[in-house]
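**Student:** This is the structure I have questions about; it appears just below.
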Amino acid sequence: SNFLLNNEITYRAYRYRGLGMIGGFLLFALLCSVGAIANLDVASWLFRGRSVWWVAGLAGALVSVVWNYAASATFVWRRRRVG
C-alpha cells in the first residue's frame, strides 16, 4: 500500500504505469528491506548497549525512515528518460 500511495500521490510526476509498476515495486521492496534490516541492527545494537528500549526503538525507526525516503526518492522515483 505504501508503494501505491507514493506512486499516486507523493511522486505523481514520476509515477509508474502498467507493467512498469512491477519493476518499480520490486526495487522499492528491495530498498525498503535494507531499511528494515538497518532498523533492527541499530535498535538491537543500542538495546544491547544498555540503552532504554524506547530510545533504541525510536533510533531504529528513524534510521529506516530516513533510508527509505532517501532511497525511494533517489532510486525508485528518479527522473526517467522518455524515449
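The values are calculated or read from the model by the stated rules, or taken from the named source; none is laboratory data. Keep in mind the model is a prediction, meaning the values are calculated, not measured. When we count neighbours, we look across all protein chains shown, and the Cβ atoms used for this are built from the backbone with ideal geometry, even at glycine. Ligands, DNA and RNA are stripped out before the accessible areas are found, and what is left, the full protein with its side chains, is counted by its heavy atoms. Shrake-Rupley method; radii C 1.70, N 1.55, O 1.52, S 1.80 Å.
**Student:** On a 0 to 90 degree scale, rounded to 10, what angle separates helix 20-48 from the longest Cα axis of the chain?
**Tutor:** With both axes taken from Cα atoms, the answer is about 10 degrees.
**Student:** So for VAL55, VAL76, VAL66, what's the accessible-area order with a 1.4 Å probe, most first?
**Tutor:** So, going from the largest accessible area down, we get VAL66, VAL55, VAL76.
**Student:** Given the -39500 (n - 2.57) contribution per DSSP H run of 4+ residues, what per-residue ellipticity at 222 nm results for the chain, rounded to the nearest 500 deg cm²/dmol?
**Tutor:** After summing the helix terms and dividing by residue count, I get -21000 deg cm²/dmol.
**Student:** Sticking with this one: Rank LEU46, ALA56, ASN6 by how far each Cα sits towards the positive end of the charge dipole of the chain (+1 on Lys, Arg Cβ; -1 on Asp, Glu Cβ) and give me just the farthest.
**Tutor:** The residue sitting most towards the positive pole is ASN6.
**Student:** Continuing with the same structure: Using the alpha-carbon atoms, what tilt in degrees (0 to 90, nearest 10) does helix 53-71 show relative to the longest principal axis of the chain?
**Tutor:** 20 degrees
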